[in-house]
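Reviewing the structure listed below.
The values are calculated or read from the model by the stated rules, or taken from the named source; none is laboratory data. Please read all numbers here as calculations on a predicted model, not as lab measurements. With ideal geometry, Cβ positions are generated from the backbone for all residues, glycine too; neighbour counts draw on all protein chains shown.
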Amino acid sequence: MRVQARDVAIATERPRGLSSHNILSATIIGIEPAGAHEMFVRLEVGTTMLARLTRDAASQLGLRIGQEVLALVKSTVFDHG
């Protein structure tokens, strides 16, 4: 299965009042630039998954390698209709 980095959000604590039920425990294993204003965050979730965030979002969340986070995957990526 392929999940696009743009379809993955990161939370540092369990979200409440959220429509997404696709929440995976993850560990940050890499953070790298992806253009002038974005970052790729490499996540270990039993396999490797990428999340694409703005640099501002990554900074505000205080993301660092080794940090335990939650990966939120948009449910529409699983729609094979």
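Of everything in segment 51-60 that's among the charged types (D, E, K, R) and outside any strand (DSSP E or B), which residue is surrounded by the most Cβ atoms within 10 Å (Cβ to Cβ)?
Step by step, filter segment 51-60, then rank; the result is Arg55.
Name the single residue, out of those in segment 51-76 being among the β-branched types (Val, Ile, Thr) and closer than 19 Å to Glu38 by Cβ, that is modelled with the lowest pLDDT.
Per the criteria, the residue is Val73.
Checking Leu43 against (1) exposed (fewer than 15 other Cβ atoms within 10 Å of the Cβ); (2) of a type in the set (A, V, I, L, M); (3) touching a strand residue (DSSP E or B) at 6+ places or on another chain (Cβ under 7 Å), only one condition comes out false. Which one?
Among (1) exposed (fewer than 15 other Cβ atoms within 10 Å of the Cβ); (2) of a type in the set (A, V, I, L, M); (3) touching a strand residue (DSSP E or B) at 6+ places or on another chain (Cβ under 7 Å), Leu43 violates only (1).
Give the residue that is farthest from the chain's Cα centre (by Cα), with candidates limited to residues of segment 6-50 that are under 19 Å from Gln60 (Cβ atoms), part of a loop (DSSP other than H, G, I, E, B) and touching a residue at least 40 places away in the same chain (Cβ under 8 Å).
Residue satisfying both the conditions and the ranking: Leu18.
From the list Ala5, Ala36, exactly one residue is surrounded by 14 or more Cβ atoms within 10 Å (Cβ to Cβ) and either touching a His at 6+ places or on another chain (Cβ under 8 Å) or among the aliphatic types (A, V, I, L, M) (or both). Which is it?
That would be Ala5, the only listed residue that is surrounded by 14 or more Cβ atoms within 10 Å (Cβ to Cβ) and either touching a His at 6+ places or on another chain (Cβ under 8 Å) or among the aliphatic types (A, V, I, L, M) (or both).
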